[in-house]
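First the structure, in the form of C-alpha coordinates, and then the observations on it.
The values are calculated or read from the model by the stated rules, or taken from the named source; none is laboratory data. The model shown is predicted, which means the values in this text are computed figures rather than measured ones. With ideal geometry, Cβ positions are generated from the backbone for all residues, glycine too; neighbour counts draw on all protein chains shown.
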(Lines give C-alpha, C1' and ligand atoms only; values in the text may rest on other atoms or scores of the structure.)
Protein backbone atom coordinates (compact mmCIF):
# COMPACT_ATOMS: atom_id res chain seq x y z
CA UNK A 1 0.00 0.00 0.00
CA UNK A 2 2.48 2.66 -1.15
CA UNK A 3 -0.17 5.40 -1.02
CA UNK A 4 -0.97 4.78 2.66
CA UNK A 5 0.75 5.81 5.89
CA UNK A 6 -0.07 5.19 9.55
CA UNK A 7 -0.01 8.03 12.07
CA UNK A 8 0.23 7.31 15.80
CA UNK A 9 -0.86 10.33 17.84
CA UNK A 10 0.12 11.01 21.47
CA UNK A 11 0.43 7.43 22.69
CA UNK A 12 2.46 8.79 25.57
CA UNK A 13 2.74 7.80 29.20
CA UNK A 14 0.97 10.92 30.47
CA UNK A 15 -1.88 10.30 28.02
CA UNK A 16 -2.73 6.61 28.41
CA UNK A 17 -0.55 4.96 31.09
CA UNK A 18 -2.13 4.10 34.49
CA UNK A 19 0.67 6.08 36.17
CA UNK A 20 0.41 8.98 33.74
CA UNK A 21 -0.42 12.53 34.73
CA UNK A 22 -3.98 12.35 33.38
CA UNK A 23 -4.96 8.95 34.76
CA UNK A 24 -7.29 10.59 37.31
CA UNK A 25 -9.30 12.18 34.48
CA UNK A 26 -10.42 8.76 33.28
CA UNK A 27 -7.98 8.72 30.36
CA UNK A 28 -6.07 5.62 31.50
CA UNK A 29 -9.27 3.74 32.28
CA UNK A 30 -10.70 4.49 28.85
CA UNK A 31 -7.42 3.48 27.21
CA UNK A 32 -7.64 0.15 29.04
CA UNK A 33 -11.31 -0.27 28.11
CA UNK A 34 -10.44 0.35 24.46
CA UNK A 35 -7.37 -1.93 24.66
CA UNK A 36 -5.80 0.94 22.77
CA UNK A 37 -2.15 -0.03 23.24
CA UNK A 38 -2.64 -3.60 22.00
CA UNK A 39 -4.85 -2.50 19.11
CA UNK A 40 -2.39 0.20 18.08
CA UNK A 41 0.41 -2.35 18.20
CA UNK A 42 -1.60 -4.66 15.92
CA UNK A 43 -1.99 -1.83 13.40
CA UNK A 44 1.73 -1.05 13.63
CA UNK A 45 2.71 -4.68 13.10
CA UNK A 46 0.50 -4.91 10.01
CA UNK A 47 1.94 -1.68 8.62
CA UNK A 48 5.51 -2.76 9.27
CA UNK A 49 4.94 -6.17 7.69
CA UNK A 50 3.68 -4.45 4.53
CA UNK A 51 6.33 -1.69 4.57
CA UNK A 52 3.70 1.00 5.08
CA UNK A 53 5.35 4.17 6.44
CA UNK A 54 4.71 4.88 10.11
CA UNK A 55 4.76 8.31 11.70
CA UNK A 56 4.48 9.13 15.39
CA UNK A 57 3.62 12.49 16.88
CA UNK A 58 3.98 13.61 20.48
CA UNK A 59 2.66 16.71 22.17
CA UNK A 60 5.30 18.36 24.33
CA UNK A 61 5.35 21.09 26.94
CA UNK A 62 8.49 23.16 27.26
CA UNK A 63 9.41 24.51 30.72
CA UNK A 64 8.74 28.13 29.76
CA UNK A 65 5.71 29.73 31.44
CA UNK A 66 3.04 30.69 28.94
CA UNK A 67 4.80 29.13 25.94
CA UNK A 68 1.98 26.67 25.21
CA UNK A 69 -0.57 29.47 25.46
CA UNK A 70 -3.81 29.73 27.40
CA UNK A 71 -6.12 30.95 24.65
CA UNK A 72 -8.34 27.87 24.98
CA UNK A 73 -9.13 25.38 27.76
CA UNK A 74 -7.51 22.62 25.71
CA UNK A 75 -4.14 24.35 26.11
CA UNK A 76 -4.76 25.43 29.68
CA UNK A 77 -5.01 21.76 30.69
CA UNK A 78 -1.43 21.18 29.53
CA UNK A 79 0.01 21.93 32.92
CA UNK A 80 3.72 22.80 33.13
CA UNK A 81 4.43 19.45 34.81
CA UNK A 82 2.88 17.23 32.12
CA UNK A 83 4.26 16.13 28.74
CA UNK A 84 7.48 17.88 29.76
CA UNK A 85 10.29 17.62 27.23
CA UNK A 86 12.58 14.72 28.13
CA UNK A 87 10.30 13.31 30.82
CA UNK A 88 8.86 9.82 31.25
CA UNK A 89 5.40 11.31 30.83
CA UNK A 90 6.23 12.69 27.39
CA UNK A 91 7.70 9.41 26.15
CA UNK A 92 5.79 6.98 23.95
CA UNK A 93 4.55 3.99 26.00
CA UNK A 94 7.07 1.14 26.03
CA UNK A 95 4.97 -1.34 24.05
CA UNK A 96 4.77 1.11 21.13
CA UNK A 97 8.36 2.32 21.00
CA UNK A 98 9.09 3.70 17.51
CA UNK A 99 11.62 1.90 15.35
CA UNK A 100 14.69 3.75 14.13
CA UNK A 101 13.21 4.12 10.64
CA UNK A 102 9.95 5.66 11.90
CA UNK A 103 9.55 9.41 12.15
CA UNK A 104 8.71 11.00 15.51
CA UNK A 105 7.30 14.49 15.08
CA UNK A 106 7.00 16.71 18.14
CA UNK A 107 4.62 19.64 18.46
CA UNK A 108 3.01 22.05 20.94
CA UNK A 109 -0.39 22.38 19.21
CA UNK A 110 -3.26 19.89 18.93
CA UNK A 111 -3.05 19.08 15.23
CA UNK A 112 -0.04 17.22 13.86
CA UNK A 113 -0.42 19.38 10.74
CA UNK A 114 0.22 22.50 12.84
CA UNK A 115 3.86 22.68 13.83
CA UNK A 116 5.39 19.67 12.06
CA UNK A 117 6.50 18.92 8.53
CA UNK A 118 4.18 15.95 8.12
CA UNK A 119 2.33 17.30 5.08
CA UNK A 120 5.53 17.70 3.07
CA UNK A 121 6.81 14.31 4.20
CA UNK A 122 3.58 12.52 3.25
CA UNK A 123 3.50 14.20 -0.16
CA UNK A 124 7.15 13.27 -0.76
CA UNK A 125 6.13 9.64 -0.20
CA UNK A 126 3.08 10.00 -2.48
CA UNK A 127 0.78 9.20 0.44
CA UNK A 128 -2.90 9.89 -0.21
CA UNK A 129 -4.50 7.88 2.61
CA UNK A 130 -3.73 8.37 6.29
CA UNK A 131 -4.64 5.73 8.88
CA UNK A 132 -4.90 7.40 12.30
CA UNK A 133 -4.63 5.80 15.74
CA UNK A 134 -3.92 7.30 19.15
CA UNK A 135 -5.14 9.61 21.87
CA UNK A 136 -7.11 11.60 22.72
CA UNK A 137 -9.82 11.06 20.14
CA UNK A 138 -11.79 14.25 20.77
CA UNK A 139 -8.69 16.42 20.98
CA UNK A 140 -5.46 15.78 19.04
CA UNK A 141 -6.92 12.99 16.92
CA UNK A 142 -9.95 15.05 15.89
CA UNK A 143 -7.91 18.19 15.20
CA UNK A 144 -5.45 16.22 13.08
CA UNK A 145 -8.11 14.30 11.13
CA UNK A 146 -9.90 17.52 10.21
CA UNK A 147 -6.65 19.12 9.06
CA UNK A 148 -5.68 16.01 7.08
CA UNK A 149 -9.00 16.09 5.25
CA UNK A 150 -8.57 19.80 4.55
CA UNK A 151 -5.11 19.04 3.13
CA UNK A 152 -6.68 16.58 0.70
CA UNK A 153 -5.96 13.23 2.35
CA UNK A 154 -8.42 10.38 2.67
CA UNK A 155 -8.46 9.59 6.37
CA UNK A 156 -9.32 6.40 8.22
CA UNK A 157 -9.70 6.45 12.01
CA UNK A 158 -9.32 3.11 13.76
CA UNK A 159 -11.97 3.44 16.46
CA UNK A 160 -10.72 0.76 18.86
CA UNK A 161 -7.13 1.94 18.44
CA UNK A 162 -8.08 5.38 19.77
CA UNK A 163 -9.10 6.50 23.24
CA UNK A 164 -10.18 9.61 25.07
CA UNK A 165 -11.05 10.79 28.57
CA UNK A 166 -14.30 8.83 28.63
CA UNK A 167 -16.65 6.79 26.43
CA UNK A 168 -18.80 9.91 26.07
CA UNK A 169 -15.97 11.98 24.60
CA UNK A 170 -15.04 9.04 22.35
CA UNK A 171 -18.58 8.82 21.03
CA UNK A 172 -18.81 12.57 20.55
CA UNK A 173 -15.80 12.46 18.27
CA UNK A 174 -16.40 9.24 16.36
CA UNK A 175 -20.18 9.10 16.48
CA UNK A 176 -20.80 12.73 15.55
CA UNK A 177 -17.92 15.12 14.91
CA UNK A 178 -15.93 13.03 12.44
CA UNK A 179 -18.65 11.07 10.69
CA UNK A 180 -18.53 13.21 7.54
CA UNK A 181 -14.76 13.76 7.67
CA UNK A 182 -13.22 10.29 7.86
CA UNK A 183 -13.90 6.59 7.46
CA UNK A 184 -14.37 5.03 10.89
CA UNK A 185 -13.27 1.41 11.11
CA UNK A 186 -11.76 -1.11 13.54
CA UNK A 187 -8.45 -2.88 14.14
CA UNK A 188 -9.41 -6.18 12.51
CA UNK A 189 -10.51 -4.49 9.30
CA UNK A 190 -7.52 -2.16 9.25
CA UNK A 191 -4.90 -4.85 9.80
CA UNK A 192 -6.43 -6.98 7.05
CA UNK A 193 -6.40 -4.02 4.66
CA UNK A 194 -2.82 -3.08 5.53
CA UNK A 195 -1.64 -6.65 4.99
CA UNK A 196 -3.48 -6.53 1.66
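If you take the residues in segment 91-108 that are outside any strand (DSSP E or B) and in contact with a strand residue (DSSP E or B) (Cβ under 8 Å, 6 or more places away or on another chain), which one is farthest from residue 121 (Cα to Cα)? Explain how you work it out, then say what you get.
Let us first name the residues in segment 91-108 that are outside any strand (DSSP E or B), namely 91, 93-102, 108.
From what is left, the residues that are in contact with a strand residue (DSSP E or B) (Cβ under 8 Å, 6 or more places away or on another chain) are 91, 93, 96, 98-99, 102, 108.
Details: 91: 23, 93: 24, 96: 22, 98: 17, 99: 17, 102: 12, 108: 19 Å.
So, considering only residues that are outside any strand (DSSP E or B) and in contact with a strand residue (DSSP E or B) (Cβ under 8 Å, 6 or more places away or on another chain), the one farthest from residue 121 (Cα to Cα) is 93.
Under 9 Å by Cβ, and 6 or more places apart or on different chains, what pairs join a residue from segment 52-80 that is on the phi > 0 side of the Ramachandran plot with one that is at pLDDT 85 or above?
The qualifying pairs are 69/108; 69/109.
Does residue 141 qualify as being in contact with a helix residue (DSSP H, G or I) (Cβ under 8 Å, 6 or more places away or on another chain), surrounded by 19 or more Cβ atoms within 10 Å (Cβ to Cβ) and either free of Cβ contacts under 8 Å to residues at least 12 places away in the same chain or assigned to a helix (DSSP H, G or I) (or both)? Quick ask: steps written out before the conclusion?
On the way: in contact with a helix residue (DSSP H, G or I) (Cβ under 8 Å, 6 or more places away or on another chain): yes; surrounded by 19 or more Cβ atoms within 10 Å (Cβ to Cβ): yes; either free of Cβ contacts under 8 Å to residues at least 12 places away in the same chain or assigned to a helix (DSSP H, G or I) (or both): yes.
Spelling it out, residue 141 is indeed in contact with a helix residue (DSSP H, G or I) (Cβ under 8 Å, 6 or more places away or on another chain), surrounded by 19 or more Cβ atoms within 10 Å (Cβ to Cβ) and either free of Cβ contacts under 8 Å to residues at least 12 places away in the same chain or assigned to a helix (DSSP H, G or I) (or both).
For segment 1-46, how many residues meet the condition of being without any contact (Cβ under 8 Å) to a residue 60 or more places away in the chain and under 11 Å from residue 135 (Cα atoms)?
2
Working only within segment 181-196, note down all residues that are surrounded by fewer than 15 Cβ atoms within 10 Å (Cβ to Cβ) and either part of a helix (DSSP H, G or I) or at pLDDT below 95 (or both).
Those that are surrounded by fewer than 15 Cβ atoms within 10 Å (Cβ to Cβ) and either part of a helix (DSSP H, G or I) or at pLDDT below 95 (or both): 188, 189, 192, 195, 196.
Quick one: is residue 45 assigned to a helix (DSSP H, G or I), under 24 Å from residue 127 (Cβ atoms), over 15 Å from the mean Cα position of the chain (by Cα) and at pLDDT 95 or above? Quick ask: steps written out before the conclusion?
Numbers: assigned to a helix (DSSP H, G or I): yes; under 24 Å from residue 127 (Cβ atoms): yes; over 15 Å from the mean Cα position of the chain (by Cα): yes; at pLDDT 95 or above: yes.
Answer is yes for this residue.
Please verify whether segment 112-124 includes one or more residues that are within 13 Å of the chain's Cα centre (by Cα), without any contact (Cβ under 8 Å) to a residue 60 or more places away in the chain, in a loop (DSSP other than H, G, I, E, B) and closer than 14 Å to residue 7 by Cβ.
Checking segment 112-124: at least one residue is within 13 Å of the chain's Cα centre (by Cα), without any contact (Cβ under 8 Å) to a residue 60 or more places away in the chain, in a loop (DSSP other than H, G, I, E, B) and closer than 14 Å to residue 7 by Cβ.
What number of residues within segment 48-85 are surrounded by fewer than 15 Cβ atoms within 10 Å (Cβ to Cβ), under 19 Å from residue 103 (Cβ atoms) and either over 20 Å from the mean Cα position of the chain (by Cα) or at pLDDT below 95 (or both)?
Number satisfying all stated conditions: 2.
Those residues that are in a loop (DSSP other than H, G, I, E, B), in contact (Cβ under 8 Å) with a residue 40 or more places away in the chain and over 13 Å from the mean Cα position of the chain (by Cα), I need them from segment 144-176; list them, please.
Start the filter on segment 144-176 by keeping residues that are in a loop (DSSP other than H, G, I, E, B), which leaves 151-153, 164-166.
Retained after the next criterion (residues that are in contact (Cβ under 8 Å) with a residue 40 or more places away in the chain): 164-166.
Answer for segment 144-176, where residues must be in a loop (DSSP other than H, G, I, E, B), in contact (Cβ under 8 Å) with a residue 40 or more places away in the chain and over 13 Å from the mean Cα position of the chain (by Cα): 165, 166.
Are any of the residues in segment 129-138 surrounded by fewer than 21 Cβ atoms within 10 Å (Cβ to Cβ), in contact with a helix residue (DSSP H, G or I) (Cβ under 9 Å, 6 or more places away or on another chain) and either without any contact (Cβ under 8 Å) to a residue 24 or more places away in the chain or under 26 Å from residue 172 (Cβ atoms) (or both)?
No, because not a single residue in segment 129-138 is surrounded by fewer than 21 Cβ atoms within 10 Å (Cβ to Cβ), in contact with a helix residue (DSSP H, G or I) (Cβ under 9 Å, 6 or more places away or on another chain) and either without any contact (Cβ under 8 Å) to a residue 24 or more places away in the chain or under 26 Å from residue 172 (Cβ atoms) (or both).
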